[in-house]
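Accompanying notes for the structure given below.
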């Protein structure tokens with residue numbers, strides 16, 4: 001049997017808009033993945049610690065407040081510091097195209113912007129998790 | 001209104017029409033006709049769909065004249081012919097200086113009210129220099145740390161003339177206190193001030209999630225402020241009970257209506273319990289609804305809201321003052337309906353949504369800018385949004401007559417249905433132990449999350465078409481409208497300004513007043529005056545919130561409220 005994809009979803013920063021993250025959580029679950037939603041106002045450290053603890057394939061982060069250029073790099077740093085860069089980091093929110101390109105260059109695997117179907121996220125995660133080689 | 005005989009005749013005619021129509025119904029039609037909230041809609045509405053319409057007192061009881069109980073048709077007898085709705089554009093970004101500039105621009109372009117957006121640190125009760133604020137300063141609104149920032153925001157604006165709305169909840173008392181302190185310094189008497197504070201904490205637990213303290217002390221903060229304003233700032237709307245965010249979080253129209261009114265009744269009960277007289281405070285309550293894209297459903301929602309509220313105020317809370325029965329409301333078009341794809345189409349969506357708010361009798365209106373799924377509005381986008389209201393007001397003719405859709409079989413039937421669904425929700429909430437228990441147990445949150453997911457599934461299965469998103473898309477679309485960027489310097493400058501204030505103020509006195517606030521909060525006294533005293537001395541918003549956190553603790557969302565399906 002194929003291993004189930006495990007995903008940690010989180011909302012970092014002060015933003016409380018959780019409609020998107022909950023929709024994604026439900027869609028990933030319906031697609032047969034295991035989803036852990038951490039809730040609101042998680043620091044990058046809390047997110048990365050939880051991801052390691054839960055042994056997930058990917059971290060999905062939702063930011064609608066405009067603080068994405070601060071929060072994504074902080075999570076990437078934290079992953080590096082904890083030697084966990086094998087965990088896929090993806091995200092979504094109100095993120096302008098230029099920032100999206102820059103974030104993907106920094107190491108965020110994928111950014112989904114408003115209007116993206118959940119189907120896209122499911123497909124992305126299946127592929128990315130399938131080709132992932134976890135560190136021991 | 002419709003005599004029994006008349007209805008009999010329509011019934012006969014209806015079946016012959018139905019037989020004839022059958023020939024035109026084909027397999028080509030859509031499998032289902034339903035509103036944006038998922039409510040099935042009939043092919044045709046006639047007097048037969050209006051329940052109880054054969055009763056002699058139907059018209060008087062259900063519809064009546066505008067300005068008369070139960071206010072289905074509007075709260076004023078003459079509505080927009082004598083008082084146009086307020087064109088109130090929500091604005092606020094980056095530094096206090098830039099926000100002041102945008103405010104002056106809005107007023108110069110014919111805006112008739114101001115509405116202030118704060119950044120997330122301000123909304124969450126942190127100063128710009130606290131670690132939690134990193135990267136968020138000035139991003140989704142203006143940063144306010146001390147009275148000095150409020151002085152800049154309202155510099156050169158006559159507070160005695162313009163009504164000012166402020167979207168702030170957990171720290172609402174602090175922001176209002178700073179605003180009153182600005183007015184005092186400008187020499188504007190407090191009884192001349194007009195405006196609205198959002199101050200609706202319940203919908204924060206339910207939908208927007210910008211909460212600090214647990215529900216009980218949060219409600220105490222609100223009733224403290226209400227008591228102060230009744231005496232000192234009599235024209236101020238101390239609370240704007242908001243469905244907007246509930247809808248944005250994904251609720252249906254009926255949920256928006258029911259949960260918002262349930263919140264309203266919860267505040268009313270709290271104020272009565274705090275010893276306030278319903279007829280004194282109720283005229284200062286106002287509401288805030290969303291205008292989504294389903295045109296008739298929205299109009300029915302506003303009409304039902306007025307009728308339900310009037311009935312409950314009169315019958316359940318025994319208000320005697322007619323002004324206590326009036327549901328006055330602000331409307332904002334639906335941000336969640338805007339698309340990042342082909343963003344110019346958002347101008348059209350917003351115009352239609354705004355039209356529904358006007359046909360539904362709103363008292364004031366904010367129209368969204370086309371670029372709000374991309375960033376804060378650019379000046380050009382903000383201007384088009386304001387112009388949209390002006391076109392509706394001056395060119396379309398819809399403001400010429402009161403409640404132009406009153407008597408439409410469809411709209412009346414839909415209004416009745418909305419009222420019925422709201423009453424069913426009230427019964428359910430009551431059964432579950434009331435609003436606070438429902439929040440704690442995640443009832444509202446789960447209902448909303450479920451509706452949001454259902455909506456998304458309908459889009460993905462193409463049962464629902466969103467123009468430019470899942471149909472009528474453009475290949476390789478490149479967005480080429482200008483997008484506002486908040487300068488990274490903004491955070492650094494705001495922190496520098498804050499540190500300067502902290503160095504120059506009377507720090508001894510600030511500490512004395514913060515200690516006093518702590519004492520008052522601990523003893524259960526009225527917190528508002530203590531907050532006002534702190535604000536006058538340039539105590540920071542974060543310092544005051546920290547004092548209250550130390551007394552009341554912080555609210556943490558129950559995992560039950562985080563369930564997704």
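The values are calculated or read from the model by the stated rules, or taken from the named source; none is laboratory data. The shown structure was predicted, so the numbers you read here are calculated from the model rather than taken from an experiment. As a convention, Cβ positions derive from the backbone with ideal geometry for all residues, glycine included, and neighbour counts pool all protein chains shown.
Of the strands (runs of 3 or more DSSP E) lying entirely inside segment A:36-136, those containing at least 3 residues that are touching a strand residue (DSSP E or B) at 6+ places or on another chain (Cβ under 6 Å), within 14 Å of chain B (Cβ to nearest Cβ) and closer than 30 Å to residue B:462 by Cβ are A:58-63. In the set (1) under 30 Å from residue B:292 (Cβ atoms); (2) part of a loop (DSSP other than H, G, I, E, B), residue B:55 fails one condition alone, (1).
Can you confirm whether residue B:212 is in a loop (DSSP other than H, G, I, E, B) and within 14 Å of chain A (Cβ to nearest Cβ)? Judged against the criteria, residue B:212 is a match.
Do we find that residue B:205 is in a helix (DSSP H, G or I), touching a residue at least 60 places away in the same chain (Cβ under 8 Å) and under 11 Å from residue B:169 (Cβ atoms) in this structure?
Values: in a helix (DSSP H, G or I): yes; touching a residue at least 60 places away in the same chain (Cβ under 8 Å): yes; under 11 Å from residue B:169 (Cβ atoms): yes.
For residue B:205, the condition - in a helix (DSSP H, G or I), touching a residue at least 60 places away in the same chain (Cβ under 8 Å) and under 11 Å from residue B:169 (Cβ atoms) - is met.
Going by what's in this entry, would residue B:72 be described as farther than 23 Å from residue B:400 by Cα, under 28 Å from the mean Cα position of the chain (by Cα), buried (at least 22 other Cβ atoms within 10 Å of the Cβ) and in the same structural domain as residue B:152 (by TED's automatic domain parsing)?
Values: farther than 23 Å from residue B:400 by Cα: no; under 28 Å from the mean Cα position of the chain (by Cα): yes; buried (at least 22 other Cβ atoms within 10 Å of the Cβ): yes; in the same structural domain as residue B:152 (by TED's automatic domain parsing): yes.
No: the conditions fail for residue B:72.
How many residues are within 13 Å of the chain's Cα centre (by Cα) and at pLDDT below 95 when one looks only at segment A:114-136?
The initial filter retains those residues of segment A:114-136 that are within 13 Å of the chain's Cα centre (by Cα), namely A:121-122, A:124-125, A:128-129.
The next check asks that each one be at pLDDT below 95; those that pass are A:128-129.
The total comes to 2.
Of the helices (runs of 4 or more DSSP H) entirely within segment B:487-564, those holding at least 1 residues that are loosely packed, with under 13 Cβ neighbours inside 10 Å and more than 14 Å from chain A (Cβ to nearest Cβ) occupy B:489-504, B:507-523, B:541-552.
Give me the residue from segment B:310-330 that is in contact (Cβ under 8 Å) with a residue 60 or more places away in the chain and under 25 Å from residue B:235 (Cβ atoms) and, out of that set, nearest to the other protein chains (Cβ to nearest Cβ).
Restricting to residues being in contact (Cβ under 8 Å) with a residue 60 or more places away in the chain and under 25 Å from residue B:235 (Cβ atoms), the top hit is B:330.
Filtered by the rule that a residue be touching a strand residue (DSSP E or B) at 6+ places or on another chain (Cβ under 8 Å), surrounded by fewer than 24 Cβ atoms within 10 Å (Cβ to Cβ) and more than 10 Å from every other protein chain (Cβ to nearest Cβ), segment A:1-35 gives A:4, A:5, A:6, A:33, A:34.
Here the condition is being more than 14 Å from every other protein chain (Cβ to nearest Cβ), crowded, with 24+ Cβ neighbours inside 10 Å and in contact with a helix residue (DSSP H, G or I) (Cβ under 8 Å, 6 or more places away or on another chain); of B:272, B:246, B:239, it holds for B:239 alone. Applying the criterion of being within 15 Å of residue B:149 (Cβ to Cβ) and in contact with a strand residue (DSSP E or B) (Cβ under 7 Å, 6 or more places away or on another chain) to the residues of segment B:96-135, the residue that is nearest to the other protein chains (Cβ to nearest Cβ) is B:119.
Looking at segment B:136-165 only, could you name the residues that are more than 14 Å from chain A (Cβ to nearest Cβ), within 24 Å of residue B:203 (Cβ to Cβ) and touching a helix residue (DSSP H, G or I) at 6+ places or on another chain (Cβ under 6 Å)?
Taking segment B:136-165 as the starting set, the residues that turn out to be more than 14 Å from chain A (Cβ to nearest Cβ) are B:144-165.
Next, only the ones that are within 24 Å of residue B:203 (Cβ to Cβ) stay: B:144, B:163-165.
Scanning segment B:136-165 gives a single hit, B:144.
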